[in-house]
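Input: a single structure, listed below in structure tokens.
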Amino acid sequence: MFGQSQFAFTRGNAFEARVKADGGAELLRLVHEKLDRGAEPPAVGHVPDLSATGPEGRAARTALALREATAGTARAPGLPGTWTLLDHPMLALDVAGSPAYLEPDAVVVHPDGSWTVVEIKSFPVLDGSADPAKVGAAARQAAVYVLALERVAARLAPAPRVRDRFLLVCPKDFSNLPTASTVDVRKQRAVTDRQLARLTRIEDIADTLPDGVCFSPELPAEELTSAVEAVPATYAPECLSTCELAFHCRARSREAGAVTSLGRPVRAELGGLSTVEEVLAAARGEAGDPDDPAVAALRRAAELRAEALAAAGAAAQEAAVCL
Ligand code: SF4
């Protein structure tokens with residue numbers, strides 16, 4: 001992921017390779033243990049070849065592999081060997097009218113034909129618990145994969161069940177041994193589905209761009225920079241972990257003194273005040289509607305600060321006299 005150190009990236013890859021070694025035997029064992037104890041244990045996992053040209057080709061290959069694996073389990077329900085592991089499948093999801101290609105770490109087809117998303121992360125589970133922020137981020141990511149899988153499932157008859165719990169695999173304590181838990185993503189899935197439905201279509205966004213603007217990576221750096229700058233952006237610190245334009249947008253946002261660079265909660269507290277300059281002017285009583293709760297709170301905070309500074313100054317003077 002963008003923003004991840006090379007060391008963390010290499011360690012993450014090594015851990016994932018270990019979890020998927022031997023045809024995914026350990027991974028399938030974990031899925032069986034955590035999600036499907038009633039099924040026959042996986043004797044031999046089937047790992048189809050998903051290679052194809054380009055993301056579109058890989059997505060089509062993945063859809064075919066899912067269909068074949070699901071049909072295979074229907075022919076031999078519950079028999080050992082009917083577990084299938086799709087290693088780095090490619091899924092397509094329509095985002096604002098344009099396909100976005102997604103690559104989960106793995107998808108498992110169970111003997112009953114249901115599908116489970118697997119995410120393998122390099123953050124550790126220490127004494128049975130992991131960093132909640134990281135687990136939350138993994139759950140949001142897995143929810144998008146669940147949605148994309150549901151789109152594939154909807155094209156099959158009968159549509160297989162996409163499980164709404166995903167398997168999160170992490171290193172145990174300070175070792176390189178995998179431990180797994182299941183996470184319910186129904187809430188994240190519903191939120192993402194609503195957000196996707198509300199997204200402005202890419203054609204509508206494109207209509208608002210200046211004529212002739214182009215974002216081809218082959219353009220000279222200066223032209224590409226001007227093209228990117230022609231598009232308004234609302235940077236927030238959260239962009240740092242999710243968007244490759246984060247450093248660019250942060251610099252522009254700081255130049256403009258935008259309060260969004262202080263974080264979305266701060267921006268929400270400041271109401272209609274959108275720049276640091278406006279905030280300071282409001283706090284000094286030079287601008288802003290005094291009936292605006294944000295302006296009133298800023299003025300009160302400025303008064304308290306002035307009082308505290310005056311008191312501290314007086315105390316310092318008294319101390320100097322005593323000495
Ligand atoms: S970094 Fe810029 S382009 Fe990326 S999400 Fe944030 S505001 Fe948008």
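A single entry from A283, A251, A233, A302 fulfils the requirement of being within 16 Å of the ligand (Cβ to nearest atom), in contact with a helix residue (DSSP H, G or I) (Cβ under 7 Å, 6 or more places away or on another chain) and without any contact (Cβ under 8 Å) to a residue 24 or more places away in the chain: A233. The number of residues in segment 240-265 that are buried (at least 16 other Cβ atoms within 10 Å of the Cβ) and closer than 23 Å to V279 by Cα comes to 9. In the set E307, E303, only one residue is surrounded by 11 or more Cβ atoms within 10 Å (Cβ to Cβ) and farther than 28 Å from R252 by Cα; that residue is E303. For segment 216-223, the count of residues that are within 16 Å of the ligand (Cβ to nearest atom) and not assigned by TED's automatic domain parsing to the domain that holds L93 is nonzero. Across segment 173-184, the number of residues qualifying as surrounded by 15 or more Cβ atoms within 10 Å (Cβ to Cβ) and free of Cβ contacts under 8 Å to residues at least 60 places away in the same chain comes to 2.
Tell me, yes or no, whether segment 195-212 has at least one residue that is in contact with a strand residue (DSSP E or B) (Cβ under 6 Å, 6 or more places away or on another chain), within 16 Å of the ligand (Cβ to nearest atom) and of a type outside the set (S, T, N, Q). Within segment 195-212 (the criterion being in contact with a strand residue (DSSP E or B) (Cβ under 6 Å, 6 or more places away or on another chain), within 16 Å of the ligand (Cβ to nearest atom) and of a type outside the set (S, T, N, Q)), the answer is yes, since at least one residue qualifies.
Would you say V191 is more than 16 Å from the ligand (Cβ to nearest atom) and closer than 30 Å to R18 by Cβ? Criteria not met by V191.
Going by the structure shown, is A306 in a helix (DSSP H, G or I) and within 14 Å of T234 (Cβ to Cβ)? So A306 fails the test. Would you mind finding the one in A227, A206 that is surrounded by fewer than 20 Cβ atoms within 10 Å (Cβ to Cβ), in contact with a Ser or Thr (Cβ under 9 Å, 6 or more places away or on another chain) and either farther than 24 Å from A65 by Cα or at pLDDT 95 or above (or both)? Answer to the check: A227. Residues that are in a loop (DSSP other than H, G, I, E, B) and in contact (Cβ under 8 Å) with a residue 60 or more places away in the chain within segment 37-62 comprise A39, E40, listed in sequence order. Listed here are the strands (runs of 3 or more DSSP E) enclosed by segment 77-167 that have at least 1 residues being of a type in the set (G, A, S) and touching a helix residue (DSSP H, G or I) at 6+ places or on another chain (Cβ under 6 Å): 91-95, 98-102. Residue pairs whose Cβ atoms lie under 7 Å apart, sitting 6 or more positions apart in sequence or on different chains, and linking a residue in segment 98-120 that is closer than 15 Å to H32 by Cβ to a partner that is part of a strand (DSSP E or B) and charged (D, E, K, R), are A106/D87.
Residue-wise test of (1) at pLDDT 95 or above; (2) closer than 29 Å to E244 by Cα; (3) acidic (D, E); (4) in the same structural domain as E150 (by TED's automatic domain parsing).
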{"residue": "A39", "(1), (2), (3), (4)": "no, no, no, yes"}
{"residue": "V44", "(1), (2), (3), (4)": "no, no, no, yes"}
{"residue": "A59", "(1), (2), (3), (4)": "yes, yes, no, yes"}
{"residue": "E68", "(1), (2), (3), (4)": "no, no, yes, yes"}
{"residue": "A74", "(1), (2), (3), (4)": "no, no, no, yes"}
{"residue": "L79", "(1), (2), (3), (4)": "no, no, no, yes"}
{"residue": "L86", "(1), (2), (3), (4)": "yes, yes, no, yes"}
{"residue": "P89", "(1), (2), (3), (4)": "yes, yes, no, yes"}
{"residue": "A96", "(1), (2), (3), (4)": "no, yes, no, yes"}
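Considering G285, G257, G272, G263, which residue is over 26 Å from D94 (Cα atoms) and touching a strand residue (DSSP E or B) at 6+ places or on another chain (Cβ under 6 Å)? Can you show your working first?
Working: G285 fails: touching a strand residue (DSSP E or B) at 6+ places or on another chain (Cβ under 6 Å); G272 fails: touching a strand residue (DSSP E or B) at 6+ places or on another chain (Cβ under 6 Å); G263 fails: touching a strand residue (DSSP E or B) at 6+ places or on another chain (Cβ under 6 Å).
Answer to the selection: G257.
The values are calculated or read from the model by the stated rules, or taken from the named source; none is laboratory data. This structure is a prediction, so every number in the text was calculated from the model and none was measured. All Cβ positions, glycine included, derive from the backbone under ideal geometry; neighbour counts span all protein chains shown.
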